[in-house]
Every structure is written in C-alpha cells, then in structure tokens.
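Heads up, the thing below is written out as structure tokens.
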Amino acid sequence: FSGACTGTTCSLTNITANKTVTANFTAKQYTITTTANPTNGGSVTCSPNPVDYGGTTTCIATANSRYDLSQFSGACTGSKCVLSNVTSHKTVTANFIPKIYTITASTDPAIGGRVNCAPTTVEYGGASSCTATPNTGYTFSGFSGDCSGNRCALTSISSDKTITANFTPKQYTISTVAKPATAGSVNCSPNPVNYGTTTTCIATPNS
C-alpha cells in the first residue's frame, strides 16, 4: 500500500479526515530457462527474461563457428522461438549440429578418367581423400583446385572444397621413312598423335 497506508496490510483507525489509499500491484514474472545442446555448440538468450504474466519474449540462438542451429525444442519448436502469453516458467533448448562441408570432384577432360572422394560430406575439422583413375588411353597428370600434385588428402576441413583430377591423353609417335631416301619425303600431321585420334601422312616426291 501507499498513501495513507504503507506495507502489505491497511487498517485505518481514528479517522478524522478524508484519506487516500493506493494498492500497488506487480505483475507475476516467469523465468525462461535456456540450454544449448551440445553445450559447446553455441548459446541461447531470451529477452526479456524474466517475463511478466501474459507477456512475450524472443529467444535467439547463436551457433559457435563449428556448428549450425538445428532447431529449438522444449517450449519452442522449429528454427525460431517467440513465446507469447507467458503464464508459467518455460524451458527452451537450442539444438546445434556440426557444420557439414561438401567435397565436389570433377575430371578434366570428362572422358579422361574417374575421381572418387571419400567421404564427400565432412563435419567441421574432418578429413577426406580423393583417388583418380585414368581411362584407357589417358594418364593422370595431377590434381588442381583445393588439392595439388598426385595425391589429395584433405584435413582439418572448415569450408566446402572443389577438386579437379586432370588427365592427359597418351601420345603415339608416327615414324616416317622415304624409300629410297633420295626419292622424296613423308610428313604426318599431327605427330605425335593423341590416343584414338587421327593423323594424315603426305608423301612428296622429289623432281
């Protein structure tokens, strides 16, 4: 009470004048208990907290660098959490999952061979390795992109990766002979010749 009374009870005695009494009320408040799952996945805060009876609070989850928010559970579900008309204590859990990165592999040229990376989806800090296999008529000439050289072992992965396995066609030499040697010449073009392709040879006689 305030005015002619103070405290939590009001009893006026020996009244000899008009009196003014004010009864002051405070809204009941309810606490929002927050939890991150796993605890190192991030944090979650609700504002306001505590919440007046019938009020609204918004909870925001912040993932750590290695995690993404999966969803809320408890008093909230889904990817967003807004609690309205709060009339009791609430518990909110923000569930986090490790970030996932993709390993994308290709070949150059496409018919040159095959490349396989395992695994192709990796959690933050994980590892993946890629193997190149040439097709008939090609040799493996090395990786490019996020790998270089003849081996590809990715470690401590913290972003998406792109790998290209490069292949080179096998080449074959066309040896030419003019017979007799004084009679003329012979030339083949192209020379050497890529596997499976064509060359044309032209003989030119001397006078």
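Below are the figures for this structure:
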| quantity | calculated |
| --- | --- |
| Residues of the chain: accessible area per residue with a 1.4 Å probe, Å² | 64 |
| Relative contact order (%) - the range 56-124, alpha-carbon pairs under 8 angstrom, separation at least six | 30 |
| Accessible area of Tyr124 in the full protein assembly, 1.4 Å probe (Å², nearest 10) | 80 |
| Rounded to the nearest 20 debye, dipole of the range 1-133 from Cβ charges on Lys, Arg, Asp, Glu | 280 |
| Top of Cys46, Cys188, Cys76 by mean-square fluctuation, Gaussian network on the chain, Cα under 10 Å | Cys188 |
| Alpha carbon centroid spacing (whole Å) that separates the range 115-145 from the range 40-91 | 42 |
| Full-stretch length increase - Val177, Thr139 - with 0.36 nm per residue and alpha-carbon distance subtracted | 10.7 nm |
| Cross-link reach list, lysines versus Lys99, counting only Cα pairs under 26 Å and skipping chain neighbours closer than eight places | Lys80, Lys161 |
| Amide H contacts under 5 Å for Thr91, placed H, 5+ residues apart | Thr33, Ala75 |
| Calculated FRET value between Ser88 and Ser11, using beta carbons and R₀ = 45 Å, to 0.05 | 0.85 |
| Label selected from (i) 22.2; (ii) 13.8; (iii) 21.2, the criterion being mean projected area of the Cα convex hull in nm² as computed here | (i) |
| Karplus (6.51, -1.76, 1.60) ³J(HN,Hα), θ = phi - 60°, over the range 115-126, in Hz, Gly and Pro reported as x | 9, 10, 10, 9, x, 9, 10, 9, 6, 3, x, x |
| Order by protection proxy (mean Cβ within 10 Å, highest first), peptides 191-203, 103-115 | 103-115, 191-203 |
| Ordering of 128-134, 54-60 by burial proxy (mean other Cβ atoms within 10 Å per residue, highest first) | 128-134, 54-60 |
| Potential extension, Asn194-Thr62 segment - 0.36 nm per residue separation minus Cα distance | 41.9 nm |
| Accessible carbon and sulfur surface of the chain relative to its total accessible area, %, 1.4 Å | 48 |
| Rounded accessible area of Phe140 (nearest 10 Å², 1.4 Å probe) | 60 |
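The values are calculated or read from the model by the stated rules, or taken from the named source; none is laboratory data. Just so it is clear, the structure is predicted and the values come from calculations on it, not from any experiment. Cβ: placed from backbone, ideal geometry, glycine included. Neighbour counts: every protein chain shown. The protein model used for the area step is the full one, side chains on, heavy atoms only, and it has no ligands, DNA or RNA in it. Shrake-Rupley method; radii C 1.70, N 1.55, O 1.52, S 1.80 Å.
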